[in-house]
Structures are given as structure tokens and as C-alpha cells.
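Can you keep this structure in mind? I'll have questions shortly.
The values are calculated or read from the model by the stated rules, or taken from the named source; none is laboratory data. Keep in mind the model is a prediction, meaning the values are calculated, not measured. Cβ coordinates were reconstructed from backbone atoms using ideal geometry, including for glycine residues, and neighbour counts include every protein chain displayed.
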Amino acid sequence: MRTSIATVSLSGSLTEKLTAASRAGFDGVEIFENDLLASSLTPEEIRARCADLGLTIDLYQPMRDVEALPEEDFARALRRARHKFELMGRLGADTVLVCSSVSPQALDDDALAAEQLGRLADLAQDHGIRVAYEALAWGRHINTYDHAWRVVEAAGHPSLGTCLDSFHILSRYGDPKDIEGIEDIPGDKIFFLQLADAPLLGMDLLQWSRHYRCFPGQGGFDLAGLLRHVLRAGYTGPLSLEVFNDVFRQSDAGPTAVDARRSLLVLQEQVGIAAPPAPTTPTGVAFAELVTPDAAPVSAVLGALGFARTARHRGKPVDLWQRGDARILVNTGPAERREGTRLAAVGLETPEPGATAHRAEALLAPVLPRRRSPEDAPLEAVAAPDGTELFFCATGHPRLPDWRADFRYVEGAGPAPDDDARWRVDHLSLTQPWHQFDEAVLFHRAVLGLRPQESVDVADPYGLLRSRAVTTDDGAVRIVLTVGAAPVDDTAHAQHIALATDDVVGAARAYRAAGGTLLPIPDNYYADLAARFEFADGELETYQELGILYDRDAQGTFRHCYTHTVGRVFFELVQRDGAYRGYGAPNAPVRLAAQHAARGFTGG
Ligand code: MG
Ligand code: MG
């Protein structure tokens, strides 16, 4: 189906918005009146610009407070309408959105509303324009889609239809049964469909709508359910995004438009009207790659953690460090000194790297050049919204290229140390730019088939962090997406690699014996732990001595501790027992405060 986006959903000038919509692959736009009023282009020039960009103008909006008015007020509304219709003629837009009235003058009189909408439609018809009437969720007398449709039906005018807006419908109707009536509306009388999701918040409808709308799949509404009803009704117009959102107003229009179109592609896939290549969920973490201007500090930490430098890239300054199944690449090639050490790339094991990359590309992820240099194995790779490079790997596959083929084993290093404690990457924590958090969650869910977990707010001494894990069901891949409230500082920017072992106490002791330093945790934390949980003799003292944090839930226990931070990166040692699936969220405020307190602490 054709896709469209309201100019209000994007930031910038009208021409910037149009360019972003076109580049992201939208077929059309809804022109928001304020964007036109603020533009120095004439309506004819806007029309020409849209045509150049391959965009149709699918809707002009909004027109407010028209129906069920005392006659002299309605006469004024018609005068406004005439002016708007003439403008729309110059613009080449043939459908106008009329929102249900919020005016205190409006009367609670459906017959009058239908009669006046009919007269408005007469005038529109003379200009070759169609009127799409939408029930605002906070409309004075008409505020539900079924009520708006009854009025449109009563008017019985060929140039009058209804506009369905998912926010106005789903913000009022929680029960799926309540929206089945959409299928009773004749498809050709649904003149327009606007789609917006929103997080489930208990707040004033207008404030909720104006500030918190988001793209489909990024909130809590069942947009696929709604769209199925609209399609069954026979609607054939565009799928159009109308999203008022404080964050999008401040972020670059280009990436927002791509995020927007990806959300529509995923929604179309959900209802079976688009078929990008099927997802192939990753099965593990092949490697995490750190880029650093100076390998020494991070190598010292890895050495103390018991990693061995087992191999070196044949053509580039990249070392492979390994312990058990945990593999970390340390790359001293492209780093800029001011950026310090950062987690730049992740290798994900996937059953079919080519298929995963094709899906990513179909969902608008930038595909990275397949080879970094002629002798490299041709790995499939894409960029995540935050710029992290995702490599799709088939480590040890008999036929597909193995990324390790680019590495030469270090003389005398021998095979990777294979210890009982089965070291592996437990999770990777990636800090997202503050305006890309919802996009990142949708990207990882849609492109990689990872399942988003609960969103968690964590108090930091100097702000609030929001974090949300996206994981495979078996926990083989866990990525924790974190966003800091602005202004962000270095601690909030930190990324981490969590390493799982079956003996976190032994690992922490060995790390310390090898010269590593662990993040010190205040005694108050352990006094509180003693009150919350029962421990065996000496157990709590051991945790306190090493700075190990502890959590327990109905599924199991979680013990974890932290190294100091190198550049933007620190390591976490974790031990999961039972079926514990979390990340020690109750401990996060203590850890963040300890990291602030330890700023400048560079032991190890
Ligand atoms: Mg709307
Ligand atoms: Mg963690």
C-alpha cells in the first residue's frame, strides 16, 4: 500500500521535511497548515517541490470547529473553508481533514452536525475536494469513530467521508471488541487512515496525543489489530503516520523519517501486506569489538580477567582476546583519541548471515561494505541506529566464510584457554543517543527478531536512566539498550560488556590477584542486603570484600561485580543461578553512584 507521513511528524523547515520523507521512501505527505504558513515557498512552489521529490500531497490539515454551530458561526466557518479550498487547489491537494469540534459554541445535535458537514462537502465538491471527518478523542460532543461515522452516514454526501486515526480510537477503546465496528464502515467512505502508536499512560487525552504519540510498534497500542479491521472494511488509501512527539521535533528529520518508514514496513508485515525476508534470530555473540587509541589499558584489564591474546588480524592492528566462549577484539586502527575506548561492533552468530543482512536491508538498515579490505572474509554487516556495526557471523560453519579466517594465531599462544567456568558474553550494554531509544528497540526487535523486555527506569545520582533489554528467548543474545536523560555525562555514556562465569567469586578473586581492581561498593549496601536476604556463614562478607552485588527473585539469583572504566567501557562479571533473567536492576543505582564516586579511579 502507499505510505504517507504528516509533516508535523518531522523536524525542520517544510522543505527539509519533504526531502527527508522522500529519501526515506514515502509515497506521499500530509501537509500540516502551520508548516505551509511558515514556509517562504508559494503553494505552487510547494506543489512543484513535492512533484520533484516524487511525493503526492495526500491530505491538507487541519480544519477545526466547523460543525453543529449556530448559523452565523457556521457562515464564518464556510468563509474560512472557501479560502482553504482555494489554497488546496493551488497546492494540488484533494482531501482536507476536518476534526470534530471542540468549540464551546458547538451544539450537541447530530442532525445539525450532519446538515452542516453536508453543506461544507457541497462547497468542497465545487473545488474538487473531499472532506475527511475525524473524531478527536477530546471532541466536545463527537469523540468516537463510530459517532463520527454515524454523522457522516446521515449526511450521505459523496464528498464527505471519515478519517480514522488510531490514536483517537485506541486511546478511548481498550477492548478489542469495541473497534470491530470499523468493519461496518464501507471502505470507500474511509477517506483517510492516520496511524500513531503511544505508550500506555494514564493522562489527559490531549496532552497524551500532543506529546507522546510514537511510530507503530514503539508504544503499547495494537495497531496491527486496528489495521486488520480497516483493511477488512475495504480501505485502499494510504497508510499515513501522524505523530506528535516532543523528541522527534528535536531530532534530525532524516533518521526520523527512516525510523518512521521502518515502523510502517514492520506493521505491514504483521498484517500480511508486505513480506520482507523472514527474520533469522541470532543464536549467540561471536565477538564484541572495542576500538581504542591505546590498547594497553584495556589489554591490562583483559589480561587480569584471564583472557589470552590468541590471534592477530592478518592485515590490521586488531587483536583477538579469548576466554572460553567469550571473544573480544581490540582494534587500534580507526580510533580517534578524543573518543577513547568504545564498543564499536558486535558479531552475532546467525544461522544464515546473508538472509539476516537481506532482512536488515529491506528494513532500511544501512548495509556496510562487505569487505573492509580485499583479503578480509566477506562478512555481512549493517549499522544499528546508534552506529554500532553489527556483523552477522557463522563461526565454524563448514561452508560459509568464518571471520576468524582473517586472524593468524599468535605464536606460542596456543588454543584459547578452555576453563571449567565456561566464560561467555552474558550481555552487552549499549548507550543510545537520547532521541533514538524507541527507534533502537524497534530496530532490534524487527531487524534481529529480539524480544524487548520491560523498560526500567534507574535513578542515577545526577539524572535518570532508562534501560530496556532486547533478547533471544533462550538468553543466548542479550543487548541492554540504555538512554540517559540530558545532560549526559561520561558515566551515563559508558557501555559495558558483561561476562558470565559459573564462579563469580573465584573470577573476582583471580582478577584482583592478577592486579585488577573492582568497583568498591559502600558498606551500607551490604547492611541492607543482610536485612533483605538470608546468607550462609561468611557469604555476605565475601561479597562485601569483593564488591559483589546480589539480587534474587522467584526464578533464581544473580551475582555481579564491575571493573573500573576504560574510556567509555567497563566490564561486568556475572553469575546467573537458576532461571534468573534480569540484570540486577535493583542494584543499578548503587553501581551508578559508586561509578560517580570512583571517577578518576584507574586501578588495574
Ligand atoms: Mg489525526
Ligand atoms: Mg549489566
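Go through the residues of segment 499-511 one by one and say whether even a single one is part of a strand (DSSP E or B) and within 29 Å of residue 392 (Cβ to Cβ). Spell out how you get there, then give the answer.
Step one: filter segment 499-511 for residues part of a strand (DSSP E or B), giving 499-500.
Remaining after also requiring within 29 Å of residue 392 (Cβ to Cβ): 499-500.
Within segment 499-511, one or more residues are part of a strand (DSSP E or B) and within 29 Å of residue 392 (Cβ to Cβ).
Right, next: So in segment 236-252, with the set limited to residues that are of a type outside the set (Val, Ile, Thr) and within 15 Å of ligand 1 (Cβ to nearest atom), which one is farthest from the chain's Cα centre (by Cα)? Give the steps one after another, and end with the answer.
Taking segment 236-252 first, the residues of a type outside the set (Val, Ile, Thr) are 237-242, 244-246, 248-252.
In the following step, the residues that additionally are within 15 Å of ligand 1 (Cβ to nearest atom) were identified as 237-242, 244-245.
Numbers: 237: 27, 238: 23, 239: 20, 240: 19, 241: 16, 242: 17, 244: 16, 245: 14 Å.
Step by step, filter segment 236-252, then rank; the result is 237.
Can you spot a residue in segment 39-50 that is under 29 Å from the mean Cα position of the chain (by Cα) and among the charged types (D, E, K, R)?
no
Still on this model: Please verify whether residue 80 is farther than 20 Å from residue 155 by Cα and touching an Asp or Glu at 6+ places or on another chain (Cβ under 7 Å), treating the condition exactly as stated.
On the way: farther than 20 Å from residue 155 by Cα: yes; touching an Asp or Glu at 6+ places or on another chain (Cβ under 7 Å): no.
The answer is no for residue 80.
Another question, then. Assess whether residue 579 counts as being away from ligand 2 (no atom under 13 Å from the Cβ), over 36 Å from the mean Cα position of the chain (by Cα), over 27 Å from residue 300 (Cα atoms) and surrounded by fewer than 16 Cβ atoms within 10 Å (Cβ to Cβ). Outline the logic, then answer.
Working: away from ligand 2 (no atom under 13 Å from the Cβ): yes; over 36 Å from the mean Cα position of the chain (by Cα): no; over 27 Å from residue 300 (Cα atoms): yes; surrounded by fewer than 16 Cβ atoms within 10 Å (Cβ to Cβ): yes.
No: the conditions fail for residue 579.
A further question follows. Got at least one residue in segment 97-104 being within 16 Å of ligand 1 (Cβ to nearest atom) and either over 13 Å from residue 65 (Cβ atoms) or out of contact with any Lys or Arg (no Cβ under 8 Å at 6 or more places or on another chain) (or both)?
So the first thing to find is which residues in segment 97-104 are within 16 Å of ligand 1 (Cβ to nearest atom), and the list is 97-102.
Cutting the leftovers down to either over 13 Å from residue 65 (Cβ atoms) or out of contact with any Lys or Arg (no Cβ under 8 Å at 6 or more places or on another chain) (or both) gives us 97.
The answer is yes; a qualifying residue exists.
So, in segment 582-600, of the ones that are in a loop (DSSP other than H, G, I, E, B) and more than 25 Å from the chain's Cα centre (by Cα), which residue ends up nearest to ligand 1 (Cβ to nearest atom)? Talk me through it step by step, then tell me what you get.
First, pick out the residues of segment 582-600 that are in a loop (DSSP other than H, G, I, E, B): 582-584, 598-600.
From the residues that got through so far, the ones that are more than 25 Å from the chain's Cα centre (by Cα) too are 598-600.
Working: 598: 50, 599: 48, 600: 52 Å.
Restricting to residues being in a loop (DSSP other than H, G, I, E, B) and more than 25 Å from the chain's Cα centre (by Cα), the top hit is 599.
More than 20 Å from residue 193 (Cβ to Cβ) and of a type outside the set (S, T, N, Q), is that true of residue 238? It would help to see each step written out before you state the result.
Numbers: more than 20 Å from residue 193 (Cβ to Cβ): no; of a type outside the set (S, T, N, Q): yes.
So residue 238 fails the test.
How many residues are among the β-branched types (Val, Ile, Thr), part of a helix (DSSP H, G or I) and under 15 Å from residue 98 (Cβ atoms) when one looks only at segment 147-190? Break it down stepwise before answering.
Step one: of segment 147-190, the residues among the β-branched types (Val, Ile, Thr) are 151-152, 162, 169, 179, 182, 185, 190.
From the residues that got through so far, the ones that are part of a helix (DSSP H, G or I) too are 151-152, 169, 179, 182.
Within this subset, residues satisfying the condition of being under 15 Å from residue 98 (Cβ atoms) are 151-152.
Of the residues in segment 147-190, 2 are among the β-branched types (Val, Ile, Thr), part of a helix (DSSP H, G or I) and under 15 Å from residue 98 (Cβ atoms).
The rows are residues; the columns are (1) within 16 Å of ligand 1 (Cβ to nearest atom); (2) over 24 Å from residue 29 (Cα atoms).
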site	(1), (2)
139	yes, yes
142	yes, yes
146	no, yes
153	no, yes
161	yes, no
166	yes, no
172	yes, yes
193	yes, no
196	yes, no
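Still on this structure: Name the residue that is farthest from ligand 1 (Cβ to nearest atom), counting only residues in segment 476-494 that are modelled with pLDDT of 95 or more and farther than 18 Å from residue 569 by Cβ.
476
Continuing with this model, one more query. Given the criteria at pLDDT 95 or above and either within 16 Å of ligand 1 (Cβ to nearest atom) or within 37 Å of the chain's Cα centre (by Cα) (or both), does residue 16 qualify? Walk me through it before giving the result.
Values: at pLDDT 95 or above: yes; either within 16 Å of ligand 1 (Cβ to nearest atom) or within 37 Å of the chain's Cα centre (by Cα) (or both): yes.
Here the answer is yes, as residue 16 does meet what is asked.
To continue, here is another question. Which of (1) without any contact (Cβ under 8 Å) to a residue 40 or more places away in the chain; (2) more than 16 Å from ligand 1 (Cβ to nearest atom); (3) in contact with a helix residue (DSSP H, G or I) (Cβ under 6 Å, 6 or more places away or on another chain); (4) part of a helix (DSSP H, G or I) is the odd one out, the single condition residue 35 does not satisfy?
All conditions pass for residue 35, except number (2).
Could you identify the single residue in 204, 175, 188 that is surrounded by fewer than 17 Cβ atoms within 10 Å (Cβ to Cβ) and over 22 Å from residue 242 (Cα atoms)?
After ruling out the rest, the residue left standing is 175.
In addition: Within segment 195-225, track down each residue that is in contact with a Leu (Cβ under 7 Å, 6 or more places away or on another chain) and either within 17 Å of residue 142 (Cβ to Cβ) or free of Cβ contacts under 8 Å to residues at least 24 places away in the same chain (or both).
Scanning segment 195-225 gives a single hit, 220.
Read through the list (1) basic (Lys, Arg); (2) at pLDDT 95 or above; (3) touching a strand residue (DSSP E or B) at 6+ places or on another chain (Cβ under 8 Å), then give the number of the only condition that residue 359 fails.
Against the list (1) basic (Lys, Arg); (2) at pLDDT 95 or above; (3) touching a strand residue (DSSP E or B) at 6+ places or on another chain (Cβ under 8 Å), residue 359 comes up short only on (3).
Since residue 482 meets every condition but one in (1) hydroxyl-bearing (Ser, Thr, Tyr); (2) within 20 Å of residue 290 (Cβ to Cβ); (3) out of contact with any Leu (no Cβ under 7 Å at 6 or more places or on another chain), which condition does it not meet?
Here residue 482 meets the rest and fails (3).
Separate question: Quick one: in segment 62-107, which of the residues that are within 18 Å of residue 151 (Cα to Cα) and hydroxyl-bearing (Ser, Thr, Tyr) is farthest from the chain's Cα centre (by Cα)?
103
Given (1) in a helix (DSSP H, G or I); (2) modelled with pLDDT under 85; (3) of a type in the set (A, V, I, L, M), where does residue 405 come up short, assuming only one miss?
Evaluating residue 405 over (1) in a helix (DSSP H, G or I); (2) modelled with pLDDT under 85; (3) of a type in the set (A, V, I, L, M) leaves (2) as the failure.
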